[in-house]
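Novice: My questions all concern the structure below.
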Amino acid sequence: MEKFSKTTGISVVVANMVGTGVFTSLGFQLLGIQSFFVLMMLWFVGGLTALCGALTYAELGANLPRSGGEYNFLSRLYHPCAGFISGWVSATVGFAAPVALAAMTFGAYLSAVFPALSPTLAALLLVCLLTAVHCLSRQTSSNVQQIFTGLKVLLILLFCGVILIWGGTPQQVSFLPKTGDSNLLFSGAFAVALIYVNYAYTGWNAATYVTSELDNPQRNLPIVLFVGTGLVMMLYLLLNLTFLSAAPVDILEGKLEVGVIVADHALGANAGKAMGAVLALLLISTVSAMTMAGPRVLQVIGEDFTLFSRLSQCNRHGVPMTAILFQGLLALLFILSSTFESVLIFSSFVLGVNTLFAVLGVFVMRWKKLGIAGAYKTFGYPFAPLVYLSVTLWTLVYVLISRPMEGWIGVAVITAGGLLYKLSANKNAIDNPITNPINSSHNNV
């Protein structure tokens, strides 16, 4: 069976991460923070947190080698119910919502260039097209992903280079700390802004969703996660330095299409439109990567639970076509029914809970002695996972305090997953009264 290469794995990580968040969140962050030093620290702290999470996931993936990401980890480390809830979150929110957000941003950027074009229609068409492409074969998926991810990195470097070389400097820029910055770093405003940053870094764990389809996962998965996350961290710092250097703060505050505004102000209307088209193009890679990775969670849920067995159906190339189509449909529903910011906050909260328990699982795995002899161990253990857990827990608490509606909707989604597990487990017991496929499938990894 053909496998995804190490290069494809890195492409999946980079493409999943670099997308909606970094090109939209600065405008929302500026509503509460005006210090350039603190804003850059946001992206540094977010990147460091993501790296700590990636290092931990590398150990989990190398020692528990099966596709499915958190679904696989939590089922093995805690209980099948925890895994199911995690898979339910990934299936309903973890990928469908970010696909919708990336597609909505694609539509917003494209409509800024072509005003007659409906942003919603552009978003819907993009999701439909990439859903169809990824239903074909692994080779097609790999080729599309590598091409668009390579294009994405080149376009970001081009964007930053053009703006920094030919754009003006509209304000005095200083990235050194000033009086009061230390208070801001530990403030509620910083924690809330970190929600947007953490969302921008979401996707560092993407390769764990295709572990079974990755070539030599025990050796390549840690490399894929670390290289992909580190590369994105450097790109994010460069992008935000460019944004803050090239446009006045007051015209960026609260705005979604930050990249278009920066290009338009720095280079003029025509060049700004051209850059808007460029930024829209690179979002294609993000939608593609999530359309590729997410359905693998639905596939393994279908393999373990009779109620969802249709989601495990594959075409003649081994591609989970039913799961891909299902996720595409969910993304279309998000695009048609929700506002951008509410989807972002809500999905960030739910995904934060998901990864929090997965990273905590590295301590459980070592305690239960479930590791494979000679497999990768987390660099910087136990500090790396503790850093991730501390920052993530801090932001989750502030979501519940500052945006209770989105936070409690997230809690409701998690609760619904628990109820659905009960129904699925009962059906499994009726259909398979002698053996338990949930436990046996995990024990045979």
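Novice: How charged is the neighbourhood of Phe37? Take every other residue with its Cβ under 13 Å from the Cβ of Phe37, and add Lys/Arg as +1 and Asp/Glu as -1. The partial results should precede the final answer.
Specialist: On the way: positive: Lys178; negative: Asp181.
With Lys, Arg at +1 and Asp, Glu at -1, the net is 0.
Novice: Within 10 Å, at most 16 other Cβ atoms, and a DSSP state outside H, G, I, E, B define an exposed site. Report the longest part of the chain free of exposed GluC sites (Glu not before Pro).
Specialist: In the chain, the maximal stretch lacking such sites is 3-252.
Novice: Can you compute the FRET efficiency between Phe186 and Glu253 using 1/(1 + (r/R0)^6), with r the Cβ-Cβ distance and R0 = 30 Å? Round to the nearest 0.05.
Specialist: Working: r = 23 Å, r/R0 = 0.76.
FRET efficiency, Phe186 to Glu253: 0.85.
Novice: Bins of 10 Å, beginning at zero and ending with the bin holding the largest distance: percent of Cα pairs per bin for region 1-133, please.
Specialist: Computed distribution, short to long bins: 10, 27, 34, 23, 5, 0.
Novice: Could I ask something else about it? Amide H of Phe4 versus every other amide H placed in the peptide plane: which residues, excluding those fewer than 5 positions away on the same chain, fall under 5 Å?
Specialist: For Phe4, the qualifying residues are Leu214, Asp215.
Novice: Under 12 Å from the Cβ of Ala323, count the other residues' Cβ atoms, weight Lys and Arg +1, Asp and Glu -1, and hand me the total. All intermediate terms of the calculation are to be shown ahead of the outcome.
Specialist: Working: positive: Arg296, Arg310; negative: Glu303.
Residues near Ala323 contribute +1 overall.
Novice: I've got another one for you. Might you report the magnitude of the Cβ-based charge dipole of the chain about its Cα centre, with Lys and Arg at +1 and Asp and Glu at -1, to the nearest 20 debye?
Specialist: For this selection, approximately 900 debye.
Novice: Ignoring everything except DSSP H segments at least 4 long, calculate the 222 nm mean residue ellipticity for the chain; use -39,500 (n - 2.57) per segment, divide by total residues, nearest 500.
Specialist: Result for the chain, helices only: -24500 deg cm²/dmol.
Novice: Something else: Describe numerically, in nm with one decimal, the distance between label points set 7 Å from Cα along Cα→Cβ at Phe363 and at Ala271.
Specialist: According to this spin-label approximation, the distance is 5.2 nm.
Novice: Would you work out which of Ser86, Ser285, Val260 lies farthest towards the positive end of the dipole of region 6-443, given +1 charges on the beta-carbon of Lys and Arg and -1 on that of Asp and Glu, about the Cα centre?
Specialist: Ser86
Novice: Any chance you could run the full-extension gain for Leu333 through Arg310? It's 0.36 nm times the residue separation minus the Cα-Cα distance, nm to one decimal.
Specialist: Here the answer is 6.2 nm.
We did not get these values from a lab; they are worked out from the coordinates using the rules stated. Being a predicted model, the structure only gives us computed values, none of them experimental. Quick reminder, even Gly has a Cβ in these numbers, built from the backbone with ideal geometry, and neighbours come from all protein chains shown.
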